[in-house]
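Structure, as structure tokens:
Throughout, read-outs are computed from the coordinates displayed, never taken from laboratory work. Keep in mind that what you see is a predicted model, and the values were worked out from it rather than measured. Glycine also receives a Cβ, built like all others from the backbone with ideal geometry; neighbour counts cover every protein chain displayed.
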Ligand SMILES: *[C@@H]1O[C@H](CO)[C@@H](O)[C@H](O)[C@H]1NC(C)=O
Ligand SMILES: *[C@@H]1O[C@H](CO)[C@@H](O)[C@H](O)[C@H]1NC(C)=O
Ligand SMILES: *[C@@H]1O[C@H](CO)[C@@H](O)[C@H](O)[C@H]1NC(C)=O
Ligand SMILES: *[C@@H]1O[C@H](CO)[C@@H](O)[C@H](O)[C@H]1NC(C)=O
């Protein structure tokens, strides 16, 4: 039987830095620019004046603003900002002078205005909208933060990062139209057992799966963080196209948000997708394994684990699910993919999809002692033999040795923990209501293959456009509902050179359909 493919909720755009920049997006906006820049009437013909094209109106959406009363790495009273901004140069716009971000901070007795450079977090040249990072030292007890433009200011909401001491925080990249509940159960039980706190970013998921995640959140297995979409209310697409020109729902911003949020709290922070599961091998817990690896060299900023692809076989029905059987079904595909990193948050300020950008100060260690178990494909099957009668089969490590990725005892502990949760949640019936068919994940996988992987692997890289869920303009299923993020967005008066935007009051609702973005 051919293995049905699972959808990674977030597809990895491995090696995307090798792809060539394209100007596709610029071509789309050709000819429309002058209409938006000039007063309504009379309109001159829409010609492009090569000598003095209009200055690009910059639009920045602030996705994170953390104020650190104390920080071991950013300094006390620091602010750290992440924003999505339409920064890419274009032949049809003159680049605005935007080297420094100007921030004003006010406390009850005084105020200060500081300038600080910004750094680019994402390096995908196909996308016009980039994620940037900036940090600056402000004053004690800040009550108000404003972003300063030449002709006005924008007050922005900010929060404090977590100061609760934790060994390991695992940041799970944003899920969208997710229905992979078996992956979820596999991952969260493992993360808890080996001592990690899970912060999972959520855009949307099938609502029965959402209900399961909420129950697990309640039981202390994870924290669900709503991840709002970037929107510039009232801004035309030709200036900033938030549907087509943001890389992967600003995943790098979500990962960097997690890093900034737990910078003062966690000893180590690991960034994964839901289908990437690390099982410690060198020590009984994550923190001990990571510490051993970081101890090899006192200057290491991050370590990188490779991913080894596995296939899993799981039941379609929630009540039949068993971790023991899922482990027993794992088979290695002997195919390796670009890995994922674990960082020392004191030595890294932001991160891209797979690892932090290289700087002269960054030192990495590529882990050869262990790998991530990547649930690349999952077969959803009808019949699973009686779980109680089946023996436990320990899945093998990828190297063809007799070593296994986990011990029998640990598998049994994990199964016991799952059974405990199933019993506890019996009355809610969340397990019995879980999705039994894969609909959206198969559609997403198909469209990512068509729009990205097929082009990438067939040497048609110049045809690749900015990757993201806007690729997948799929049909809604009549009966499958999704919980999906929404928030309050505000239209802003245009400022120069940058207009700042943000969202407030995020919430999930199942009245908006299952669109991917
Ligand atoms: C992170 O930011 C702080 C404060 O600006 C700076 O001192 C430090 O060098 C930065 N770390 C890296 C790895 O760039
Ligand atoms: C406000 O900031 C000023 C300037 O740094 C500082 O001297 C003062 O103590 C701060 N006020 C409060 C209430 O913290
Ligand atoms: C393990 O065996 C498989 C198939 O027999 C082979 O494709 C793979 O290269 C081997 N892996 C290693 C690390 O030797
Ligand atoms: C999203 O939320 C805003 C603010 O609450 C609301 O005005 C808007 O109608 C919502 N969008 C949808 C599609 O429900």
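Some observations on this one:
- Computed from the C-beta positions of residue 510 and residue 333 and an R0 of 41 Å, the FRET efficiency is 0.70 to the nearest 0.05.
- Note on region 165-492: Kirkwood radius taken over Cα pairs, Stokes-Einstein applied at 10 °C and 1.306 mPa s, translational D equal to 76 µm² s⁻¹.
- Cα convex hull of region 71-203 - mean projected area over all directions, nm²: 11.7 nm²
- Counted residue by residue at 0.36 nm each, then reduced by the alpha carbon distance between them, the extension gain from residue 296 to residue 463 reaches 55.8 nm.
- Full-stretch length increase - residue 108, residue 365 - with 0.36 nm per residue and alpha-carbon distance subtracted: 87.9 nm
- The protection proxy used here, the mean number of other Cβ atoms lying within 10 Å of each residue, ranks peptides 201-208, 299-306 as follows, highest first: 201-208, 299-306.
- Shape metrics for region 371-511, restricted to C-alpha atoms - Rg then Dmax, Å: 22.6, 69
- Against the empirical 2.2 N^0.38 Å (N residues), region 205-290 has a Cα radius of gyration ratio of 1.44.
- Calculated [222 nm] ellipticity per residue, helices only, for the chain: -5000 deg cm²/dmol; basis is -39500 (n - 2.57) per DSSP H run with n ≥ 4, divided by all residues, nearest 500.
- Cα centroids of region 148-203 and region 485-517: 19 Å apart.
- Prolate/oblate/rounded call for region 394-454, Cα gyration tensor, a/c under 1.5 rounded: oblate
- Alpha-carbon centroid distance for the pair region 440-464 / region 411-435, whole angstrom: 36 Å
- Those residues of region 53-81 whose amide nitrogen sits under 14 Å from the label point placed on residue 159, 7 Å along Cα→Cβ: 63-68
- In nm, spacing of pseudo-spin labels at residue 427 and residue 453 (7 Å Cα→C-beta vector): 4.4 nm
- The fewest-to-most ranking of 415, 493, 179 by surrounding Cβ atoms within 10 Å reads 493, 415, 179.
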